[in-house]
Amino acid sequence: MVTKRLVNADPDLFGEVFGIAVPVEAKVGATELNLAQIHADRRNADLVLSGDNQVLHLEFQRRADPSMADRMLIYRGLLRVEPACAGKRIQQHVIVLGEGRSPSRIDEPPDLVFAFETHYVRDLDPARALAQPLTAPWAMLAGTLDRKEREARLIQILRTASSVDSKSLSRDLTRITLAFAAIVMKREDIKGALREAGMTIDNNSELTWADELHAEGHAEGLIEGRLQGAHDDAVRLLVHRGVDEQQAKLIADALIRQAPLTAAERAAFDDPDELIGLLTER
């Protein structure tokens with residue numbers, strides 16, 4: 001999931017922008033949650049960061065979900081029985097990338113009261129997000145802008161991403177920015193911004209990434225699930241073919257970067273040596 005990459009790059013910086021207290025020395029925890037002994041239910045959380053005394057659970061939604069409070073209550077119960085979370089304070093936050101508003105609490109007499117925090121990226125101060133390269137992509141979704149202003153902001157963020165010393169980080173920031181742009185911009189405007197930023201249609205593969213995301217941009221749950229699902233499918237297929245799981249995850253990352261819509265197919269049928277060779281191209 002693109003949002004995971006952005007948070008994991010610097011959790012503390014993400015917390016500063018959204019006003020979320022991130023656990024000290026937080027580590028990424030398990031996101032596939034189950035009822036520890038019974039295994040009667042299984043749910044995938046978007047991101048869990050676990051510190052010594054605190055657990056931070058984040059859910060990213062392309063648009064607001066009227067049933068979000070019920071879903072978060074289920075996650076809360078599952079987190080409470082996870083051995084790695086036992087006895088720790090649990091904080092839950094929903095990050096809404098696009099439109100709408102959803103409930104952030106359940107108040108059901110006589111004795112059920114449950115609440116969490118919901119953050120709407122559109123309410124962010126764009127200047128604050130633009131202050132750091134690692135938070136700049138969030139500015140793509142911030143505020144209400146007309147077409148030309150949105151395009152100008154995309155150009156600014158793309159140039160910020162290209163200025164980062166690390167080529168791999170620069171590439172990831174660019175792709176995340178384009179993923180967010182696909183939520184709020186038209187395809188032709190994204191193309192225009194890429195040209196203005198010096199990323200030509202003929203020689204920049206990032207345009208293909210933006211096109212693919214925009215072509216599927218109206219499908220429910222694109223950002224939340226489609227890319228992660230394709231990644232997970234690719235990993236499972238590679239492991240089934242005898243590839244070490246850690247190596248399979250790296251290969252799946254490379255396949256998603258190149259062409260997310262064909263990642264699983266390539267994992268199933270491409271020559272294993274060629275797939276492993278993708279790791280040397282990063």
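Some points to look at:
- Those residues of the stretch 60-73 which are over 19 Å from the mean Cα position of the chain (by Cα) and either open to solvent by 60 Å² or more (accessible area, probe 1.4 Å) or at pLDDT 90 or above (or both), in sequence order: 66, 69, 70, 73
- Members of the stretch 104-125 that are surrounded by fewer than 21 Cβ atoms within 10 Å (Cβ to Cβ) and closer than 22 Å to residue 189 by Cα: 122
- Failed criterion for residue 153 (all others in (1) farther than 23 Å from residue 7 by Cα; (2) surrounded by 17 or more Cβ atoms within 10 Å (Cβ to Cβ) hold): (1)
- Just one residue in the set 128, 171, 101 is farther than 20 Å from residue 7 by Cα and open to solvent by 30 Å² or more (accessible area, probe 1.4 Å); that residue is 101.
- Subset tally (residues that are modelled with pLDDT under 80 and within 18 Å of residue 116 (Cβ to Cβ)) for the stretch 29-50: 5
- Which listed residue, of 47, 78, 112, 73, is hydrophobic (A, V, I, L, M, F, W, C) and in contact with a helix residue (DSSP H, G or I) (Cβ under 8 Å, 6 or more places away or on another chain): 47
- Output for the stretch 106-158, where each listed residue is under 16 Å from residue 176 (Cα atoms) and in a loop (DSSP other than H, G, I, E, B): 132, 133, 134, 135, 141, 142
- In the stretch 51-101, of all residues being among the acidic types (Asp, Glu) and touching a strand residue (DSSP E or B) at 6+ places or on another chain (Cβ under 8 Å), the one that is farthest from residue 113 (Cα to Cα) corresponds to 82.
- Test: residue in the stretch 107-117 that is in contact with a Phe, Trp or Tyr (Cβ under 8 Å, 6 or more places away or on another chain) and either at pLDDT below 85 or among the hydrophobic types (A, V, I, L, M, F, W, C) (or both): no
- Flag for residue 20 being more than 15 Å from the chain's Cα centre (by Cα), modelled with pLDDT of 90 or more and closer than 19 Å to residue 125 by Cα: yes
- Breaking point among (1) in a loop (DSSP other than H, G, I, E, B); (2) at pLDDT below 90, for residue 100: (2)
- Residue in the stretch 228-244 that is at pLDDT below 70, under 17 Å from the mean Cα position of the chain (by Cα), within 20 Å of residue 161 (Cα to Cα) and open to solvent by less than 70 Å² (accessible area, probe 1.4 Å) present: no
The values are calculated or read from the model by the stated rules, or taken from the named source; none is laboratory data. Predicted model, so just to flag it, every value in this text is computed and none were measured. Ideal geometry is used to build each Cβ from the backbone, glycine not excepted, and the neighbour counts take in all protein chains shown. Areas reflect the complete protein model, heavy atoms only, side chains present, ligands, DNA and RNA absent. Shrake-Rupley method; radii C 1.70, N 1.55, O 1.52, S 1.80 Å.
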